[in-house]
Amino acid sequence: MYCAIETSFDEAGIAVCSAAGTVLFSVLSSQVELHAPYGGCVPELAARTHLSDLPQLWRRMPHELQSGLRYMGVTAGPGLPGCLLAGVNFARGVATTLRLPLYGLNHLTGHVFSPFIPPRAEDGQHATPALEFPHLALLVSGGHTELYLVETLTRIALLGQTLDDAVGELLDKVSAMLGYGYPGGARLEELARFYPGITSDARYDGRFRLPVPMRGSGDLNFSYSGLKTAVVRIARAGGDGSQLTLAEEEHPSLLAALFAAVAESLWIKVAAALGQHPVELVTVSGGVAINGFIRERFQAEAQRRSLRLAFPAPEHCLDNAEMIAWLLRLYVDAGIPPAPFDADGNWNPGQPK
Ligand code: KG4
Ligand code: ZN
């Protein structure tokens, strides 16, 4: 069995999967409430909390699973250095005690392959496609907005990335500005659903005009700071620009316009990448991939051109250890050996360590 530890950011997770890839055990300790008063993750606080949470999470693993472990994996980067170190040190200790080979794994690669995690018996309704190469992978999370051509398990070419904010970061900043707290993506989606003038393929019909970022940039990069400024300008119009002036009943409409612009900007780049790399499968992963508007927009486009799409199950979108255990299992299966590694805050996906 394959065990993985993930502590790249403000969540600590431990998961075990079987030789077939089925998740047998998974625990996650969320720090959302701990960081909420600060409006974002406080790195030192997150790292210290991981140190005390990990042994407690480990004790929840049933003894028979512990004795069946054959391989260990740990997220070694990218992420917050203190958080990564907490997980890596803990994993080293456990792997040494249990005499297990230890793999340092890439958090982004974990997201990229998360749409292929087999469903658990109890949630078999999530149809998981078979892993195939090449495919395009769009990763949209709180820290990353990146588009990859996935050629093999270890050859993952970065085609484009955000030049400033990630999509999740944009949503979290807009949420803070409108007074809905951190993190904001899920709450903003709930609010936008109240607006009736958004179509089933996430096109907005209403009074707010927002730019679709990087529409004509001619490359596969993204940018979201201009869209954030446009939303702030509308929300604070009329005063001296420092106060929220937009009436609360107008928030759903503005947020629907925002999600439509985001979905459009993401789709445009995927469509352009498909022009250069005509693959048959596109995946969308990361915390923002939970978003229904993005899913609806992509599904409508995929139907039009008989393209196949794969999204992770919702519990595999946000950071989790299951995706790292699954990646470990893929590496072992492919005969990739473990190699010496350090916790590394900056690390591109694809290269095993
Ligand atoms: O993948 P993730 O857990 O963290 C990173 O590795 O960065 O993603 C977290 C992000 C946050 O920015 C959060 O606001 C966003 O995912 N998010 C959503 C939704 N639920 C969470 N964004 C849009 N719609 C949602 N329903
Ligand atoms: Zn992540």
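Odds and ends about this structure:
- In the range 19-32 there is no residue matching the filter, namely being under 22 Å from W347 (Cβ atoms), out of contact with any His (no Cβ under 6 Å at 6 or more places or on another chain), among the small types (G, A, S) and assigned to a strand (DSSP E or B).
- Filter result for A76 (open to solvent by less than 50 Å² (accessible area, probe 1.4 Å) and either more than 20 Å from E315 (Cβ to Cβ) or in contact with a strand residue (DSSP E or B) (Cβ under 9 Å, 6 or more places away or on another chain) (or both)): yes
- Screening R48 with (1) closer than 30 Å to V174 by Cα; (2) assigned to a helix (DSSP H, G or I); (3) open to solvent by less than 60 Å² (accessible area, probe 1.4 Å) gives one miss only, at (3).
- Any hit, the range 289-305, residues being in the same structural domain as E151 (by TED's automatic domain parsing), open to solvent by 10 Å² or more (accessible area, probe 1.4 Å) and touching a strand residue (DSSP E or B) at 6+ places or on another chain (Cβ under 6 Å): no
- Members of the range 306-319 found to be more than 16 Å from ligand 2 (Cβ to nearest atom) and open to solvent by less than 50 Å² (accessible area, probe 1.4 Å), listed by number: L307, L309, A310
- Residue under evaluation L149, criteria (1) within 26 Å of R215 (Cα to Cα); (2) assigned to a loop (DSSP other than H, G, I, E, B); (3) away from ligand 1 (no atom under 15 Å from the Cβ), criterion not met: (2)
- Selection within the range 266-325 - among the aromatic types (F, W, Y) and under 24 Å from A15 (Cβ atoms): F311
- Residue, farthest from A130 (Cα to Cα), within the range 275-288, restricted to residues that are away from ligand 1 (no atom under 16 Å from the Cβ) and in contact with a strand residue (DSSP E or B) (Cβ under 7 Å, 6 or more places away or on another chain): H277
- Close Cβ contacts (under 7 Å, 6 or more residues apart or on different chains) running from residues in the range 136-165 that are among the hydrophobic types (A, V, I, L, M, F, W, C) to residues that are within 12 Å of ligand 1 (Cβ to nearest atom) and part of a loop (DSSP other than H, G, I, E, B) comprise L139/G286; V140/G286.
- L69 passes every criterion in (1) open to solvent by 10 Å² or more (accessible area, probe 1.4 Å); (2) over 25 Å from I290 (Cα atoms) apart from (1).
- Pairing each residue of the range 46-67 that is farther than 13 Å from L28 by Cβ with any residue that is of a type in the set (D, E), provided the two are 6+ apart or on different chains, yields C-beta distances under 6 Å for A46/D10.
- Neighbours by Cβ (under 6 Å, 6+ apart or cross-chain): first from the range 264-284, free of Cβ contacts under 8 Å to residues at least 40 places away in the same chain; second of a type outside the set (S, T, Y): W267/R297; W267/E301
- Look at (1) closer than 12 Å to A12 by Cα; (2) open to solvent by 50 Å² or more (accessible area, probe 1.4 Å) and you find that N89 fails only one, number (1).
- Flag for E64 being within 16 Å of ligand 1 (Cβ to nearest atom), of a type outside the set (S, T, N, Q) and surrounded by fewer than 22 Cβ atoms within 10 Å (Cβ to Cβ): no
- Residue count for the range 133-146, restricted to those that are more than 14 Å from ligand 2 (Cβ to nearest atom) and modelled with pLDDT under 95: 0
- Checked against (1) in contact with a Lys or Arg (Cβ under 8 Å, 6 or more places away or on another chain); (2) outside the structural domain of L170 (by TED's automatic domain parsing); (3) modelled with pLDDT of 95 or more, A321 passes all but a single condition, namely (1).
- Restricting attention to the range 94-131, the residues being away from ligand 1 (no atom under 16 Å from the Cβ) and either of a type outside the set (D, E) or modelled with pLDDT of 95 or more (or both) number 24.
- Candidate set from the range 183-202 (those that are under 14 Å from G143 (Cα atoms) and touching a residue at least 24 places away in the same chain (Cβ under 8 Å)); member that is surrounded by the fewest Cβ atoms within 10 Å (Cβ to Cβ): P183
The values are calculated or read from the model by the stated rules, or taken from the named source; none is laboratory data. Here the structure is a predicted model, which means the values were calculated and not measured. Here the Cβ is made from the backbone with ideal geometry for all residues, glycine too, and neighbour counts use every protein chain on show. Remember, those area values only see protein heavy atoms, side chains included, never the ligands or the DNA or RNA. Shrake-Rupley method; radii C 1.70, N 1.55, O 1.52, S 1.80 Å.
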